[in-house]
Amino acid sequence: MKNNQKTNSLIIPIIIGIIFGILIGGFLPNIAKSIQFIGTLFINSLSMLIIPLVMTSMIVAVTSMGDIRQLKRIGSKTIIYYLITTGISVLIGLIIVSIIQPGIVDNQDSRVLIRGGQVLDEVVYNIDENNIYIEKEQFRNKFDPGYKVILLDQNNIQGIIETPKASSQYSLNTLTVKEWTNEKGEVATPKNQGRGLQIDLGIAQTVKGKEKRSITDVLEEMFVGLLPPNVFQAMAENKVLPLIVFSLFFAGVLSTLGEVSEPVISLINGLNEAFMKMIHVVLLAAPVGVGTLIAGRLGEAGGFSGFAAEFVSLGKYAIAVILGLAIHGLIILPLILKFMGRRKPVVYIKNMLPALTTAFSTSSSSATLPLSMECAIFNNRISPRIVNFVLPLGATVNMDGTALYEAVAAVFIAQIYGVNLSIPELIIVFLTATLAAIGAAGIPQAGLVTLVIVLKAVNLPVEGISLILVIDWFLDRCRTTVNVWGDAVGAAVIESSEDKR
Ligand code: ASP
């Protein structure tokens, strides 16, 4: 009980930390950046506990079940719950993106021409010695450096410029260029006005090297990766899923050994208790950790004004993702919690707040796992037998927010490229987004990398990822929060289904 009160009493300090974080990051971006290291310490202190905690809690969960058939039953219920809720979230994403249509500009003719795409006309540009001025604001964006802008006069190429390698942030509204080349690479003198632009996007740095993998490669990698060739290497690389498999195997065998296994089991129980206590101590740093992380990232974006510019550049897309996440996280999951988990959603969410805010500030479900377990066990009083099994598994395979985001992002990119996805193609997006979310690791921007699978499945250019990069850091935080929330709701649902038996 004492434990419970302590954790709950942190909610107000965490909210104060967030408010301070937003204010410092928004108004004093430079100071905010300089205190970000405090947040990194917080992330590190959580990360160092992930592997010890996942392994011991999985082993404790299985050995405390007594009967291995229980594991089979709870395991299959958990997987089915995760698949169904992930499917629902993808569906919400697809509906929202089809209604809002964030990638379709009002005037069909003024679509930006992206590599291999359609002619972009009616984007009037003017050139003076060193600059091109573009009348349209809407393509103000931050791309990876080194993409090409091709200037067209009607359909004839007038000049090609490569954006500066050193800078990754500039406005397309005015672009400073040093040299013009024509198609053959010769120095060109473009006319001082033209009516078309083609943007040749580069592959985003984050997905470089991954763009050639086919779906079968990714699936194969996922399955082969389930068994670690070296347990210690998996630990060193913080690979949670293979360690879950190892721990399940180990615990399953341990529970068949009878008397000889008793000291081992009680040792692991003791270790698990100690790790949980350590989390409790780390949690005390959450208000400062969460606040400085938010401040630092907002500072990196250039404070409120920088963030607003980023948001506006992809506003409709960001709103589509956030709206979808809100519907799933604030309507669908609470309804599931109420009717299937038999819990009061408001109380449950309040008790999970330390974990949810940590998810938002770290963009990592895995780093948040220790706190999710702490909040589920001590605040929401879910049986450790369930939490120890359901949450570590959920942190790596159950990502409702990521799945929803992948579906919205893929359809958004299709809309920008002017590709109309047919119903069978949308079904492929549905299936691959679910799969991609399962395959994504619980680390920052993992979803951006697995988005490649979805894009490739429906033949959309992987370069399109460069278009959504600018705002991804923010959307990553939002989807990670929903990922963690989905796992927490899962724990209540599985517990309630066990109680009913
Ligand atoms: N950052 C997310 C997570 O840890 C994964 C993603 O990029 O969508 O849950």
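The values are calculated or read from the model by the stated rules, or taken from the named source; none is laboratory data. These numbers come from a predicted model, not from an experiment. Every residue, glycine among them, receives a Cβ derived from its backbone with ideal geometry; neighbour counts consider all protein chains shown. Side chains included, ligands, DNA and RNA excluded: accessible areas come from the protein's heavy atoms. Shrake-Rupley method; radii C 1.70, N 1.55, O 1.52, S 1.80 Å.
With every protein chain present, what is the per residue accessible area of the stretch 259-327 (1.4 Å probe, Å²)? Let's see the in-between values first.
Details: 2990 Å² over 69 residues.
Spelled out: the 1.4 Å probe surface of the stretch 259-327, per residue, equals 43 Å².
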From most to least accessible, 1.4 Å probe, no ligand or DNA/RNA atoms counted, Arg297, Arg385 line up as Arg385, Arg297
Quick one: accessible area per residue over the stretch 359-501, 1.4 Å probe, rounded to a whole number of Å²?
-> 23 Å²
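Could you compute the net charge surrounding Lys344? Neighbours are other residues with a C-beta less than 11 Å from the C-beta of Lys344; K and R count +1, D and E count -1. Can you show the working numbers first?
Numbers: positive: Lys338, Arg342, Arg343, Lys350; negative: none.
Summing Lys/Arg as +1 and Asp/Glu as -1 gives +4.
Once you sort the root eigenvalues of the Cα gyration tensor of the stretch 233-281 as a ≥ b ≥ c, which label holds: rounded (a/c under 1.5), prolate (a/b larger than b/c) or oblate (the other case)? Don't skip to the end; give the middle numbers.
Values: a/c = 3.00, a/b = 1.18, b/c = 2.55.
Judged from the Cα gyration tensor, the stretch 233-281 comes out oblate (a/c at least 1.5, b/c at or above a/b).
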Quick one: how many Å² of Glu262 are accessible to a 1.4 Å probe, rounded to 10?
-> 110 Å²
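Could you tell me which of rounded, prolate or oblate describes the stretch 261-371, using a ≥ b ≥ c as the square roots of the eigenvalues of the alpha-carbon gyration tensor, with rounded for a/c under 1.5 and, failing that, prolate when a/b is larger than b/c and oblate otherwise? Provide the component values of the computation, followed by the final result.
Values: a/c = 2.91, a/b = 1.51, b/c = 1.92.
In terms of gyration-tensor shape, oblate.
Only Cα pairs under 8 Å and at least 6 apart count here; give the relative contact order of the stretch 317-394 as a rounded whole percent.
Contact order relative to length: 20 percent.
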Would you mind putting 239-245, 279-285 in packing order, based on average other-beta-carbon counts within 10 Å, highest first?
-> 239-245, 279-285
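Based on alpha-carbon positions alone, could you give the equivalent ellipsoid semi-axes of the stretch 225-315 from the gyration tensor, as √(5λ), descending, whole Å? Could you put the intermediate results ahead of the total?
Values: eigenvalues 371, 77, 18 Å².
Value: 43, 20, 9 Å, ordered largest first.
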Rounded accessible area of Ser76 (nearest 10 Å², 1.4 Å probe) | 60 Å²
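Rank Cys478, Cys375 by accessible area, highest first, at a 1.4 Å probe radius? Intermediate values should be presented prior to the final figure.
Working: Cys478 25, Cys375 0 Å².
Order by accessible area, largest first: Cys478, Cys375.
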